[in-house]
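Where a number appears in this text, it was derived from the coordinates with a stated rule and is not lab data. Everything numeric in this text was worked out from a predicted model, so none of it was measured. A quick note on method: Cβ atoms are made from the backbone with ideal geometry, for glycine too, and the neighbour counts reach across all protein chains shown.
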Amino acid sequence: MSWKLDKQFSDKICNFSHDFFNKKLIKKGKPISGEWTVLATLVLVVENTSSSSSSSSSYEIKQVLSLGTGNRCLGKSSLSNQGDVLNDSHAEIICKRSFQKFCYNEILNLLQSKDYNSILFNIEYHSSNINKDIDNNSLPTISIKKGHSLHFYVNQTPCGDCSIFPFKKETQPENFTEKEKLEKDGKENKIENDEKKEEKEKDIIKQVDKDKDEENDNEDEESKRKLKKVKDDINNNNNNNNNNNNNNNNNNINNDNNNNNNNNNNNNNNNNNNNNNNNNNNNNNNNNNNNNNNNQYDDIQRTGAKTVFGEPEDKKLIGIEYHQTGVLRVKPGRGDPTVSMSCSDKIARWNVLGIQGSLLSHFIKEQIFLSSITIGDLFNHSSIYRGLIGRLLPNPTTTEISSSNTIPNFKLNSDLEIFSTNIQFQFSKLLLESDQQNNNKSTSSGLAISFCYPNQHEVTIAINGKKMGTNQKNFNAISQRSSICKFNLFKLFHQLLLIIKNKNSNEENEKNNQIIFTDSLLKSNYYECKHLSKKYYQEYEKLKEFKFKNWLTNSPDLENFVLDNQATGNLTITKK
């Protein structure tokens, strides 16, 4: 049986990820009592190639290749032009960058030993003067082994567009647990409270600002209480008052009709209903809930991610009209605004460009796509499909990004399977908050864990993007840079280039295409090496032109760093 047909596959991926976190990772960096975090994993699944019919399953959940925890990112003012900090410490992004580190390590092993058997990749070498159709054909190309697939797990819905969906207050939202339902009404205030706590850790926000925010929260609660009192008064009034409320201030009711049947008729006309026989208060209240929303929903799940400049702004109206959907968003800042795109937007981009990124695209033959994504808390299939796939389709009848020839070689991973699981992560925010039997409140962990196969584990401080143990004195030390920051991944990229150059220097023609192209990359800065991956950036520009035109990109000034002495760790900044 294929994993696609296994109805328990998502729970198996979830349990496999949780078991790995609990049993295989050391305690360092894990949340302490009362702390929550987000967990993301990238899991390798291998289809069994044996022809044995006695096997009960035709696939094996093989290995967690990378893992990330975290829920914060740096503000714009904290970004570095040296590539030595982690800008985005949300679990999904930590997991993806850890996977890129895994890829570099695997390719290095393949280049250094013909006998090395990678858990994921095959390697292919090309002649310097053939195969012109392959982008950067002068370099070896890497491809994923047949029957191997990658599966993403996140314990809660990614921030941004995926997490926006409507629901009815009196019924459970689709695929929601009872604990999640109880959490709904106060979610936005809880997000604000979390941000205040996180701002304290940075020692940026003064106490007077905190008091101001708390006053605003109290004012919000007072407004809610007043609104509830007004609604109670209306419900206890006569049918005429109920009818006026039900029309949402339309003021089109004929007030001369004083009996219950006439009031119902006026209300039903405004709602295009013909139920004249319903003249009781319950039916009037039902009509009120149905106004402006086709009898379906009366509220919406909200996100803290803000719309990008140029995108339609959130209306911030009551109920389902609060958010815009399908738009680009940035992660919420902790006092300092961020320029990090939401996780929904980034995963949607992976569905076009792949999770390998631009630098690895010099070596990896095709985009590395996710085969499935499994999500725990706050799951809603419609919103996740919209956020990751649907908004990239020109129309729902095609699986290509464009049905015309104006955007060639532009592929969308529309085969991504979307799964849910009701198994909750032990450090889930919803689980901790719904389980609070006393006045203690949960707080988000300030640490982020990164792991990549086989055994590379690291803990970073999310609010400064450096390794755990970093302080003011050693902040700029090379030893405090995360192994998955831009600088250190660029260093791994250079190591690959140097190995390729040395191998080619021993061959007949030292002026072949491989030497020339490798030298050009070795002399280029980080920004230039990324953009020399022509196929990747051609597709990226087409994506921006087609759908994501307002995507925020880092200024070249933040990516003009180079490695001195072939990636020894000494940093110089190019003058542009």
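Where does each of 91-97, 442-448 land if you order them by average Cβ count within 10 Å, highest first?
Per-residue Cβ counts within 10 Å, averaged per peptide and sorted highest first, yield 91-97, 442-448.
Stretched out fully, how many nm does the piece from residue 523 to residue 551 gain, at 0.36 nm a residue minus the Cα gap?
Taking 0.36 nm per residue and subtracting the Cα distance, the gain is 7.2 nm.
Can you pull the one-decimal nm distance between simple spin-label points at residue 476 and residue 2, each 7 Å off the Cα toward Cβ?
5.6 nm
Which entries in the list 28/96; 346/429; 467/491; 27/331; 411/491 go over 25 Å, if you measure between the two C-alpha atoms of each?
Too far apart for the 25 Å limit: 27/331; 411/491.
Any chance you could run the full-extension gain for residue 116 through residue 456? It's 0.36 nm times the residue separation minus the Cα-Cα distance, nm to one decimal.
Gain on stretching residue 116 to residue 456: 120.5 nm.
Along the Cα→Cβ direction, 7 angstrom out, place labels at residue 366 and residue 15. What is the inter-label distance in nm?
Label-label distance for residue 366 and residue 15, simple model: 3.2 nm.
Length gain on complete extension for the stretch residue 426 to residue 318, per 0.36 nm per residue less the alpha carbon to alpha carbon distance?
Gain in length upon complete extension: 35.6 nm.
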